[in-house]
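The values are calculated or read from the model by the stated rules, or taken from the named source; none is laboratory data. None of these values were measured; they are calculated from a predicted model. Here the Cβ positions follow ideal geometry from the backbone for every residue, glycine too, while neighbour counts run over all protein chains shown. In case anyone asks, the SASA skips ligands and DNA or RNA and just uses the protein heavy atoms, side chains included. Shrake-Rupley method; radii C 1.70, N 1.55, O 1.52, S 1.80 Å.
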Amino acid sequence: MATEHVEYMGSLKAQLAKLFEVSLKVTVPNELDVEPLVAACNGKFGDYQCNNAMGLWSKIKGKGAPFRGPPAVGEAIKNNLPTSEMIESCSVAGPGFVNVVLSKNWMAKSIQKMLIEGIDTWAPLPPVKTAVVDFSSPNIAKEMHVGHLRSTIIGDTLARMLEFSKVKVLRRNHVGDWGTQFGMLIEFLFEKFPNFEDATETAIGDLQAFYKASKQRFDADPAFKERAQQAVVRLQGGEDKYRRAWAQICQISRTEFHKVYQRLGVHLEEKGESFYNPYIPGVIEALNKQGLVEESQGARVIFIEGINIPLIVVKSDGGFNYASTDLAALWYRLNEEKAEWIIYVTDVGQQQHFDMFFKAAKRAGWLPQGDSSYPKASHVGFGLVLGEDGKRFRTRNTEVVRLVDLLDEAKVRSKAALIERGKGEEWTEEEIESTAEAVGYGAVKYADLKNNRLTNYTFNFDQMLNDKGNTAVYLLYAHARICSIIRRSGKDIEELKNKGTLVLGHKDERDLGLHLLQFAEVVEEACTNLLPNVLCDYLYNLSEIFSKFYSNPECKVIGSDMETSRLLLCEATAVVMRKCFDLLGITPIYKI
């Protein structure tokens, strides 16, 4: 290997890619912009592999290159690698695959450095400074349903992963707080409460029932319908009484939404449809000046290549719709909030709408044509939540399940399991409550996040609260067990971090160390592909690899001559598990 010392930060994969980048420039100086193809491998030949040789050979053969085939290209890539304390050895296999075995000493030092400097030093660094994550987004005066639960949980995790990666994240709740239904609601409010400002949440009661009753009046009474339509005009014209009634209804809804967000520990900033409303006319006028807006059957539309229906931006009655609001919101996010990545978390049923709307933005020149450069917009679709009967999740009377009740049920069941295990006698009421919340809410979140989001998933309390298998309960207990190992040792772990030395002598120790070091690239992959289940898979595998290490008699922790090193490895596992929980929005528990 060529002698040049380079020290890189970032994920293992990124650090190795930088070393291979140097080698590729020396190996094929005439080939520009060759991206190093580095991937983790199964450990039979090495820890990582560089797979550029075959692709390069097809480019350079016949150009007088000094190689006789892919294996020779692979040998040259290996020989031109800068020396690095990361790498213990390299070999070339098959058609030029360069296999890399990482240095155990370097791995151990890197883990110990993280323990001293903190897990944030392992954060990946994506090429984005500001992102908008548009998630949850329920409709005012309507109940939040399990679809909103999925959007809230998935959106929060994506926001957390980006925030960990040093991205400024604007968490946006694009609530449905504008539109013709407000005329009906306001008119009904005036009817039921002549002094409408007395209409508190308690007085109105169930806002969902209030919505239904106003809809029945709207459908059955032509005079009421006419008043409701006039109310829309007066609200949109900014008339004070109507604006105040609208604000009153929105506030009652917000109080309901907050109960769900509080239980889930989710923070959002509301910028609803009404916020973007004033921007719509200017945005559509600008698109019109670009020649993108055309007349079609009385409506104003944008035609999208390859799609046989146009994107309607002004309805035939002159009103605006979702597309008008979404275009205004995207314009605002790009131009006012300077976001480079705008992520929308909704069900897969809205895929075509987003596809058309993104293509319209590309036609307007707001977004680049390809999907690999920034700024970019991404739709994060997710499947349905099903009941155990395989149908859309509802209660027996076909009503949508209230999310607050669902989350409370998870907590109640979790608490009952703790009492059954005798914790009522051992723990304080506060400890039982906080553990029941952490486990109950964590179980609901993890059951959603561990699936590929595009698939439907079955909501089943018994499965999600099971303490065996790939569940939050199992993982939270695994973390608590690691904490109890450290406590039982009686050692001061903070002191050991600074004075002790971590060694990866045994194969099981090395396997665990390698998995810990791959944390950054897993977060990077989960962020890049907007797939939280990638992080869940990593966390579950981490607990399995730790179990294999800890249950091996050759890796005895307490009382062995390697106690200090192995306690540090236990602590590193607990630290990485806690960061995974944090990114998934789950509160860890420290004792069981």
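Structural remarks
- Dipole magnitude of region 453-592 about its Cα centre (Cβ charges: Lys, Arg +1; Asp, Glu -1), debye to nearest 20: 340
- Using a probe radius of 1.4 angstrom, the carbon and sulfur fraction of the accessible surface of region 12-102 is 53%.
- Distance in nm between pseudo-label sites at residue 117 and residue 452 (7 Å out along the Cβ direction from Cα): 3.7
- Here the Kirkwood formula, the inverse mean of 1/r across different C-alpha pairs, assigns region 296-431 a hydrodynamic radius of 19.2 Å.
- Accessible area per residue for region 407-553, computed on protein heavy atoms with a 1.4 Å probe, is 44 Å².
- A Förster radius of 35 Å, combined with the Cβ-Cβ distance separating residue 225 from residue 587, puts the computed FRET efficiency at roughly 0.10.
- Shape call, region 424-507: gyration tensor on alpha carbons, a/c limit 1.5: oblate
- Computed from label points 7 Å out along Cα-Cβ, the spacing between residue 85 and residue 491 is 2.2 nm.
- Take residue 302: with every protein chain present and a 1.4 Å probe, its accessible area is about 0 Å².
- Net charge over other residues, Cβ less than 11 angstrom from the Cβ of residue 192 (K, R count +1; D, E count -1): -2
- The calculated FRET efficiency for residue 193 paired with residue 386, based on their beta-carbon distance and R0 = 56 Å, is about 0.90.
- Normalised by 2.2 N^0.38 Å, where N counts its residues, the alpha-carbon radius of gyration of region 214-340 equals 1.31.
- Pairs of lysines in region 474-576 whose Cα atoms sit within less than 19 Å of one another amount to 5, provided the residues are eight or more positions apart or on different chains.
- Extension gain, residue 93-residue 305: 0.36 nm per intervening residue step, less the Cα-Cα distance, totals 71.6 nm.
- Cα convex hull volume per residue for region 403-584 (Å³): 136
- Extension gain for residue 321-residue 463 works out to 47.0 nm (0.36 nm per residue, less the C-alpha to C-alpha distance).
- Taken over the alpha carbons of region 12-102 as equal point scatterers, the Debye sum produces base-10 log I(q)/I(0) values at 0.16, 0.21, 0.22 Å⁻¹ of -0.55, -0.95, -1.05.
- Prolate/oblate/rounded label for region 151-302 (Cα gyration tensor, a/c 1.5): oblate
- Shown for region 180-265: the carbon plus sulfur share of the solvent-accessible area, taken with all protein chains present and a 1.4 angstrom probe, equals 50%.
- CD proxy at 222 nm, helix term only [per DSSP H run n ≥ 4: -39500 (n - 2.57); per residue of the chain; nearest 500]: -16500 deg cm²/dmol
- Taking 0.36 nm per residue of sequence separation and removing the Cα-Cα distance, the residue 560/residue 506 pair yields an extension gain of 18.1 nm.
- FRET efficiency for the residue 44 to residue 425 pair, using the beta carbon distance and R₀ = 56 Å, is estimated at 0.65.
- Furthest towards positive pole of dipole, 547, 442, 282, structure part the chain, Cβ charges: 547
- P(r) tail fraction, region 180-265 - alpha-carbon pairs more than 15 Å apart, %: 58
- Heavy atoms of the protein chains alone define the surface here; on that basis region 180-265 has 53 Å² accessible area per residue at 1.4 Å probe size.
- For 54, 562, the ranking by accessible surface with the largest value first comes to 54, 562, using a 1.4 Å probe.
- Placing unit charges on the Cβ atoms of the charged side chains and taking the dipole of region 12-102 about its Cα centre, the candidate lying farthest along the positive direction among 66, 81, 98 is 66.
- Here each label is just a point 7 Å from Cα along the line to Cβ, and for residue 288 and residue 355 those points are 3.0 nm apart.
- Diffusion coefficient, µm² s⁻¹, Stokes-Einstein with Kirkwood Rh over alpha-carbon pairs of the chain at 37 °C and 0.692 mPa s: 119
- Area of residue 412 that stays accessible when all protein chains are in place (1.4 Å probe, Å², to 10): 90
- Counting only Cβ charges, +1 for Lys and Arg and -1 for Asp and Glu, the dipole size of the chain around its Cα centre is about 940 debye.
- Entry comment: accessible area of region 12-102 is 49 Å² per residue, from protein heavy atoms only and a probe of 1.4 Å.
- Diffusion coefficient, µm² s⁻¹, Stokes-Einstein with Kirkwood Rh over alpha-carbon pairs of region 546-592 at 20 °C and 1.002 mPa s: 180
- Given charges at Cβ of Lys, Arg, Asp, Glu: region 357-473 dipole, positive-most of 414, 381, 401: 381
- Around the amide H of residue 392, modelled in the peptide plane, lie the amide H atoms of 387, all under 5 Å away and 5 or more residues distant in sequence or on another chain.
- Accessible surface for residue 198 stands near 90 Å², nearest 10, in the context of the full protein assembly shown (1.4 Å probe).
- Mean Cα-pair separation over length for region 454-543, i.e. relative contact order, pairs under 8 Å, 6 or more apart, %: 20
- Total formal charge among the other residues, if their Cβ is under 15 angstrom from that of residue 264, Lys/Arg +1 and Asp/Glu -1: 0
- Distance histogram for region 297-355 (every C-alpha pair counted, 10 angstrom bins, percent rounded to whole numbers): 19, 44, 33, 4
- Across the chain, Cα pairs under 8 Å and at least six residues apart give a relative contact order of 15 percent.
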